[in-house]
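Just below is one structure, and these are the notes that go with it.
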Amino acid sequence: MLTATLGYPRIGKKRELKKALESFWRGQSSEADLLKTQAELEEQNWQEQLQVGIDRIGVGDHSLYDHVLDWSCRLGIVPPRFSSLRGWQRYFTMARGKEGIPALEMTKWFDTNYHYLVPEIGTAWQDPDFSDFLSTVQRAQRLLGQRAVPIVLGPLTFLLLSKRELELGEAATRLTEGYVFLLQELQRLGVAEVQMHEPALVGSDADQYQDLYHKTYVRLAQVGVPLQLVTYFDDLGAAYTWVMQLPVAGISLDFTRGDNLTLLQKYGFPSDKQLGVGIVDARNIWRIQPGAVLKTIETIQSITTKIRLQPSASLQFVPYDVQLERNLPAPLRDVLSFAQQKLGELRWLADYLADRKTGQEQLQLIEQQWQAFAAFSPVNPAVRERLTHLSPADLERPLPYEKRKDLQPQLPLLPTTTIGSFPQTPAIRQLRVQYKRGEISQREYEQAIDAAIAECIRSQEEIGLDVLVHGEFERTDMVEFFGQQLQGFAFTEHGWVQSYGSRCVRPPIIYGDINRPQPMTLREFQVAQSLTPKIVKGMLTGPVTMLNWSFPRIDISRREQALQIALALREEVADLQAAGAKIIQIDEPALREGLPLKRERWGEYLTWAVDAFRLAAAVAQPETQIHTHMCYSEFGDIIEHIQRLDADVLSIENSRSNNATLLEIAEAGYKHQVGNGVYDVHSPAIPSVAQITTQLRLGVEKIPVQQIWVNPDCGLKTRQWEEVIPALQNMVRAAQKLRAELSGTN
Ligand code: GLN
Ligand code: ZN
């Protein structure tokens, strides 16, 4: 039985690509250095896969920023604003923008935490140029021979993810000719097959593009290279039957998400095609559970025997190698599987299925390791007990918004505040590192943090903000900080995955029941509040965001995990409130990201996600004002769920979307208060009073002024104090100006 891969991590085990990119951007290394690093990383990936004995190794997926951007460039889809630029300068300007030339828009790659750059398809295209891709394939062939299988982003996924000035059919016809040329070139190189990645086929709307897929793939088939049509992240749903008929040599399905197995059982699989069985989960870090996996494969084999085994998607969504982890407890580490371990699992599965004697020992070992883990992972009967007895009252604030709002802090019209974090200076980061390494005592650490809090409070008072924050100096990351204080979360040392470009994240691993042994944010809140008569907001990360930015466990549902985290946060809300917090913010920037790809499953997800938020928040007394914050979200299609969060104040991004977010909320008749994100924290530019005033006026026209708060659109941690102070001063001035105008006319 063959094994195949669909892509590998790109960033390097020691984040070599990140370092190489950042040094190149700073002008400290050459183009040649950068390309050399990339080639080395690619070659390591190939070697690793070769050594394990993978039969069809996906190649050409490596990227210096984003693979979708790579395909835009190769296909000649370069918007005119970049056309005066050349080479890598053009590439990185498309990725990151520069003075006067905005970058392509960046957005999430399906339901993953990877971000891609949205292609902009205008009317004028450049000639396609696949030379970089082709030379990579040739390099791979020299090492891997026939095992090297080019990975190509499929034309319809590319199109459906893009912004288009052209009509879809016309764009598809033109684009397909570029792909035909590419396939001809690959054929000339003698590749055995080509992977065409078409994850868009799992979207709920795939069915409406049936004719277009048919027409496109009929044309591509004419070239005569065997195509493996690769789908992942969900099942094919209603598209299953017609996808089976596309003129391709093989089709890959994801058997770790959605329910392709049922579709396969119901409709069968064409006997002339090879089925790529995505059986090793490329989106999570757990070892396979051999019993369940073998059973699935056997079921599949009873339907079709022409199969190959592979990860469910590219392995870019998991870190490289569990062996690099030194600090994880053994029972946990033994059941983890990163990219390299996943290759081993594929090989083992294929060998075991070929001859059940050879892999027997390994099978027993894996089973023992899972048993050892079961005995080790934290179980908290009290938490489980609470969750089985949840009642609707646990999710309900004691009074409805209309009644509680008058009991809550009375603030000036258009109250001003921030989203929580203030600049994380090198000194602050250094301080946390020193503390972590044990170079300074807890007392020294806390004294330094308290000094930063004091300085932050003083600045905010001076700026004249109405509601203050402590500044989040003790937090490395909004999820990690909380996870590290909760039982049930584990953290890796080297478990980096690419978020976008050179940016990587190290998602925590949820491996047991969640429990909060002690307060997590109380001390810093109290320090801050003791320094000022103004209100200081308590700042928490919401349950859904903590879940969505972690690798979840697989033995209980995501819903249960969100509710467990919510219970821990509920205790924190209660403690903050008891300590005098009049306002508590529970951030949920990742709420929308968790939406399932298929729309018919949105309702189910949003129901438990909103329940989890409510469970955390509902312990607040009517007098306590609950804020939430979501950046870069659209709300139009989920507004009733946003309303059901029942937060008193919802702060949103609004400056980058050109007021669209606020308009959506206004149109939906949102009755609670809205924090109007009046300037973009991701830009170093300092917004002027006039600019913010204009932004605020637009808000006041759409939503009653009593409902509006004034704040930046996200946290300020990536900015410099020199930028933050004048920006916030201008924001406060703009609010004061409008406030004066409005009360003058009243
Ligand atoms: N309170 C967080 C901060 O200010 C919110 C961050 C976010 O929305 N991503 O940093
Ligand atoms: Zn934000």
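Specify the inter-centroid distance of region 283-342 and region 678-719, based on alpha-carbon positions, in whole Å.
If you average the Cα positions of each part, the centres end up 46 Å apart.
Got the relative contact order for region 391-473 handy, in percent, Cα pairs under 8 Å and 6 or more residues apart?
Relative contact order for region 391-473 comes out at 43 percent.
Using Cα-only point scatterers and the Debye equation, what is log10 of I(q)/I(0) for region 250-345 at each q in 0.17, 0.20 Å⁻¹, rounded to two decimals?
-0.74, -0.94
Checking the a/c ratio against 1.5 first, then a/b against b/c, what shape does the Cα gyration tensor give for region 640-746?
Oblate is the answer for region 640-746, as a/c is 1.5 or above yet b/c matches or exceeds a/b.
Which order do peptides 276-282, 72-78, 214-220 fall in by mean Cβ count within 10 Å, highest first?
Averaged packing, sorted descending, gives the order 276-282, 72-78, 214-220.
Enumerate the aspartates and glutamates that K405 could reach by cross-link, defined here as Cα to Cα under 14 Å, with residues fewer than 8 away along the same chain left out.
Leaving aside aspartates and glutamates fewer than 8 places away in the same chain, those within reach of K405 are E623, D646, D648.
Below 8 Å, C-alpha to C-alpha, sequence gap of six or more: please give me the relative contact order for the chain in percent.
It rounds to 11 percent for the chain.
How big is D, in µm² s⁻¹, for region 361-474 by Stokes-Einstein at 20 °C and 1.002 mPa s if Rh is the Kirkwood radius over C-alpha pairs?
Diffusion coefficient, whole number: 108 µm²/s.
Sorted by accessible area with a 1.4 angstrom probe, largest first, how do R592, R86, R553, R523 fall?
R86, R523, R592, R553
Take region 103-245, drop everything but the C-alpha atoms, weight them equally and run the Debye formula without solvent; then report log10 I(q)/I(0) at 0.11, 0.14, 0.17, 0.20 Å⁻¹ to two decimals.
Treating every Cα as an identical point scatterer, log10 I(q)/I(0) equals -0.44, -0.73, -1.08, -1.40.
Considering only DSSP beta bridges whose two residues both sit in the chain, what percent are antiparallel, to the nearest 5?
15 percent
Using per-residue counts of other Cβ atoms within 10 Å, averaged over each peptide, order 607-618, 718-729 from highest down.
Ranking the peptides 607-618, 718-729 by packing returns 607-618, 718-729.
Could you work out the per residue convex hull volume over the alpha carbons of region 54-147, in cubic angstrom?
Normalising the Cα hull of region 54-147 by residue number yields 121 Å³.
On a straight-distance basis, which aspartates and glutamates could pair with K215 in a cross-link, Cα separation under 18 angstrom, same-chain partners fewer than 8 positions away excluded?
Filter leaves E167, E170, E177, E198, D205, D207.
By how many degrees, 0 to 90 and rounded to 10, does the Cα axis of helix 360-376 deviate from the longest principal axis of the chain?
Roughly 10 degrees between the two axes.
In region 486-539, what is the volume of the convex hull around the alpha carbon atoms, normalised per residue and reported in Å³?
It comes to 141 Å³ per residue, whole-number rounded.
Once the other residues with Cβ under 13 Å from the Cβ of V710 are scored (Lys, Arg +1; Asp, Glu -1), what is the net sum?
+2
Summarise the accessible area of the chain (1.4 Å probe, protein heavy atoms) by the percent that is carbon and sulfur.
49 percent
According to the square roots a ≥ b ≥ c of the eigenvalues of the Cα gyration tensor, what is the shape class of region 5-100, taking rounded for a/c under 1.5, prolate for a/b larger than b/c otherwise, and oblate for the remainder?
Verdict is oblate for region 5-100.
Please report, to two decimal places, log10 I(q)/I(0) for the chain at q = 0.07, 0.09, 0.11 Å⁻¹ as given by the Debye formula with identical point scatterers on the Cα atoms and no solvent.
Values, matching the q order: -0.53, -0.89, -1.30.
For region 542-590, how big is the tail of P(r) above 15 Å, as a whole percent of Cα pairs?
49 percent
Take the alpha-carbon centre of region 112-144, take the same for region 370-438, and report the distance between them in whole Å.
Between the Cα centre of region 112-144 and that of region 370-438, the gap is 42 Å.
Just tell me which lysines come within less than 20 Å, Cα to Cα, of K357; anything on the same chain fewer than 8 places away is out.
Straight-distance partners of K357: K295.
Can you tell me which of 166-173, 651-658 comes out highest on packing, and rank the rest after it, using the mean Cβ neighbours within 10 Å?
Taking the mean over residues of other Cβ atoms within 10 Å, the ranking is 651-658, 166-173.
Report, in degrees rounded to the nearest 10, the 0 to 90 angle that the Cα long axis of helix 339-354 makes with the longest principal axis of the chain.
40 degrees
Calculate how steeply helix 426-436 sits against the longest principal axis of the alpha-carbon atoms of the chain, using the helix alpha-carbon long axis, and give the answer as 0 to 90 degrees to the nearest 10.
Orientation of helix 426-436: about 80 degrees from the principal axis.
Probe of 1.4 angstrom, ligands and nucleic acids ignored: what's the accessible area per residue over the chain, in square angstrom?
39 Å²
How big is the gap, in Å, between the Cα center of region 1-55 and the Cα center of region 595-620?
38 Å
Quick check: from the Cα gyration tensor, does region 525-683 come out rounded (a/c under 1.5), prolate or oblate?
oblate
The values are calculated or read from the model by the stated rules, or taken from the named source; none is laboratory data. What you are looking at is a predicted structure, and each value in this text was computed from that prediction instead of being measured. Don't worry about glycine lacking a Cβ; one is built from the backbone with ideal geometry, like all the others, and counts go over all protein chains shown. Accessible surface areas use protein heavy atoms only, side chains included; no ligands, DNA or RNA. Shrake-Rupley method; radii C 1.70, N 1.55, O 1.52, S 1.80 Å.
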